[in-house]
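Asks: Following this message is one structure expressed as structure tokens.
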Amino acid sequence: MLAPGFADPVHDAQGTFRAVMDALARPGLVRPLAPFLAPPAPLTPELAAVALALTDADTPVWLDPALAEAADVAAYLRFHTGAPLTDDPARAAFALVRESRRCPPLGRFALGTPAYPDTSTTLVLALDTITDGQGLSLSGPGVRGTVRVAPGPMPDGFAAQLAENRADFPLGVDLILTAPGRVAGLPRSTTVTEA
């Protein structure tokens, strides 16, 4: 039996959308996200909420191997969002990553084009934790001074990948980081260094 989506589709999607947009507008600011969803494993409630709020029939979605191997996950996303699934990360508007340590290099995803930088991929990562403090130091648009945030686990060398991503601005990917009950944003305009 297919797991249900949002109990109140309009208001729940709007609440998730606002939390994600606020997180992207204020990089490193950890926002609450309580979707009250029970999607099929290994899809987390937070990944599911972002997918239900932001994807539709015009937004191809790439699933990491952990999610792609679960037929129930694909059926859930197709039914609740209508989003087509793609095997090619470079063709994805959104990429859902359950195993953040095994996230492919950011350069494998769509980076946009000079004429259409908005055609890049938005990565949505499921993490164990997102806390304030040591980890990554963020600066740039939307950040007053410097903000420190500790997302985990992250792939080895991830701060260097984020620096390369920023160097290609306005091209590059945007990242939405999720953890149980939390969401934070790392847009391509953010300068990231290891704290």
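Asks: Among Gly185, Gly157, Gly142, which is among the small types (Gly, Ala, Ser) and out of contact with any helix residue (DSSP H, G or I) (no Cβ under 6 Å at 6 or more places or on another chain)?
Replies: From the options Gly185, Gly157, Gly142, the qualifying one is Gly157.
Asks: Being within 17 Å of Ser100 (Cβ to Cβ), out of contact with any helix residue (DSSP H, G or I) (no Cβ under 6 Å at 6 or more places or on another chain) and of a type in the set (A, V, I, L, M) is the filter here; which residues of the range 21-49 pass it?
Replies: Ala23, Val30, Ala41, Leu47, Ala48
Asks: Residue check, Ala75 against (1) part of a loop (DSSP other than H, G, I, E, B); (2) surrounded by fewer than 18 Cβ atoms within 10 Å (Cβ to Cβ), all met but one. Which one?
Replies: Here Ala75 meets the rest and fails (1).
Asks: Please count how many residues of the range 1-34 are open to solvent by less than 90 Å² (accessible area, probe 1.4 Å) and part of a loop (DSSP other than H, G, I, E, B).
Replies: The number of residues fulfilling the criteria is 11.
Asks: Check whether at least one residue in the range 108-119 is among the charged types (D, E, K, R), free of Cβ contacts under 8 Å to residues at least 24 places away in the same chain, part of a loop (DSSP other than H, G, I, E, B) and open to solvent by 50 Å² or more (accessible area, probe 1.4 Å), and report yes or no.
Replies: no
Asks: In this structure, does Thr86 turn out to be closer than 21 Å to Glu69 by Cα, open to solvent by 10 Å² or more (accessible area, probe 1.4 Å) and among the β-branched types (Val, Ile, Thr)?
Replies: In short, yes.
The values are calculated or read from the model by the stated rules, or taken from the named source; none is laboratory data. Note that the structure is a prediction, hence the values are computed from the model and not measured. FYI the Cβ positions are ideal-geometry reconstructions off the backbone, even for glycines, and counts take in every protein chain you see. When the accessible area is computed, the model is the full protein with side chains, heavy atoms only, and any ligands, DNA or RNA have been set aside. Shrake-Rupley method; radii C 1.70, N 1.55, O 1.52, S 1.80 Å.
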